[in-house]
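Undergrad: My questions will all concern the structure given below.
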Ligand SMILES: *Cc1c(COP(=O)(O)O)cnc(C)c1O
């Protein structure tokens, strides 16, 4: 018999379990008991993918050419469509061959990036609170995530000036994410310029996650970091079709920017995956090159839901700002509660689930994240239940 010394690798012991799994189990239990749970915790776009994109997939699926293995670098037409989108949307010029890399959803690239860009023991600067894949990817690669706090005093932008010089000297990678999940904050041009200057000074690579760049409110327009001078020498931007085109289930995203960094990520990926289903790539081309008018209509739907959330949360005593982008409202728990205790209290007593801020890091303590991906009537009902707790 072959001796098996435990079936999970030691490195997994350093990675937190994805915290959503346990909550899903509790919500399922409550639902089995007949509780009508309103889940305001998840950030999955609930509106359908526009029909012209679905139609492109249907047609592509009927073409046997799409049934073969795709190439590693994505269809040339997809890389051109991504470059075209960046040119129109941000005024950023990208070489489709060297500065565009399609991904199987941006999370795939985010999680693999530290394998391409760091060595074991290198520091990876991650926002706290932040999207869990930044730290998890660093840990999987044997790198050392170093949390950079996002605090309300600085508009949930990291204070780059207080990162210790010794830490910067060991750091290879700085993650940024604006518009920001989970805080809903947006970044100024000055902040991006400052981050680029820091990266140049310390030889860091900036990885900017722009997944929410097209989910914006009140007329706000989110920039790409690549709009700012010098960015293409030090930055890669991750982007996604999931939020922009209501395509969370389709698994298609992109990394763009610094060519050397993208070549390294492509090398990792060519050893791990074999590209994106060509039917999905053709649908992505239809999305990127097609009619974008639905985006402002979709954002208007989200904005009305945001308004209901902000008003309802404030009325229930949970202080929060009006986010100008993202799917999220970041609200303070009442005094005397931790995030997790209050979230579980609200789930058990009101059948409403809001994500504890600590799911996104220790500096999320004191906050809950509410998402706009639920219809207005359900948000209204959730806010009424919260108000009468
Ligand atoms: C939703 C989200 C993504 C996008 O993930 P995909 O894998 O492209 O669906 C990336 N970053 C953040 C911060 C997100 O919230």
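Please treat every number below as a calculation from the coordinates, not as lab data. These numbers come from a predicted model, not from an experiment. For neighbour counting, all protein chains shown are included, and Cβ atoms are generated from backbone atoms with ideal geometry for every residue, glycine included.
Undergrad: How many angstrom lie between the Cα centre of the stretch 179-247 and the Cα centre of the stretch 262-293?
TA: 20 Å
Undergrad: Any number yet on Rg/Rh for the stretch 187-229, C-alpha, Kirkwood?
TA: Rg/Rh for the stretch 187-229 comes to 1.02.
Undergrad: So for the chain: antiparallel DSSP bridges make up what percent, rounded to the nearest 5?
TA: Among the beta bridges of the chain, antiparallel pairing accounts for roughly 50 percent.
Undergrad: Once the principal axes of the Cα atoms of the stretch 263-303 are found, what is the range along each, listed largest first in whole angstroms?
TA: Computed over the Cα atoms, the extents are 42, 22, 15 Å.
Undergrad: Using a ≥ b ≥ c from the Cα gyration tensor of the stretch 92-156 (square roots of the eigenvalues), is it rounded, prolate or oblate, where a/c under 1.5 gives rounded and otherwise the larger of a/b and b/c decides, a/b for prolate?
TA: Oblate shape, in that a/c is at least 1.5 and b/c is the bigger or equal ratio.
Undergrad: Right, here's the next one. Sorting 190, 321 on the 10 Å Cβ count, fewest up front, what's the list?
TA: 190, 321
Undergrad: Now for a different question. Arrange the following residues from fewest to most other Cβ atoms within 10 Å of their Cβ: 344, 363, 67.
TA: Sorted ascending by nearby Cβ count, the order is 67, 344, 363.
Undergrad: Separate question: Cα-Cα pairs above 12 Å in the stretch 243-286: how many percent?
TA: Cα-Cα pairs of the stretch 243-286 separated by over 12 Å account for 68 percent.
Undergrad: I need the P(r) histogram for the chain: all alpha carbon pairs, bin width 10 Å from 0 out to the longest distance, whole percents.
TA: 5, 23, 31, 27, 13, 2, 0
Undergrad: Also: Residue 272 label point, 7 Å along Cα→Cβ, cut-off 19 Å on backbone N: hits in the stretch 186-212?
TA: Under cut-off, by backbone N: 205-211.
Undergrad: Cα centroid distance between the stretch 65-131 and the stretch 322-383, in Å?
TA: Centre-to-centre (Cα) distance: 31 Å.
Undergrad: If a/c stays under 1.5 just call it rounded; otherwise compare a/b with b/c (prolate if a/b is bigger, oblate if not). Do that for the stretch 170-295, with a ≥ b ≥ c from the square roots of the Cα gyration tensor eigenvalues.
TA: Because a/c hits 1.5 or more and a/b fails to exceed b/c, the stretch 170-295 counts as oblate.
Undergrad: Report relative contact order for the chain in percent, whole number only (criteria: Cα-Cα under 8 Å, sequence separation at least 6).
TA: 24 percent
Undergrad: Sticking with this one: What is the stretch 25-150 by shape, rounded, prolate or oblate, if you read a ≥ b ≥ c off the alpha carbon gyration tensor as root eigenvalues and call it rounded for a/c under 1.5, prolate for a/b larger than b/c, and oblate otherwise?
TA: In terms of gyration-tensor shape, oblate.
Undergrad: When Rg is the radius of gyration of the Cα atoms in the stretch 146-242 and Rh is its Kirkwood radius, what does Rg/Rh come to?
TA: For the stretch 146-242, the value is 0.95.
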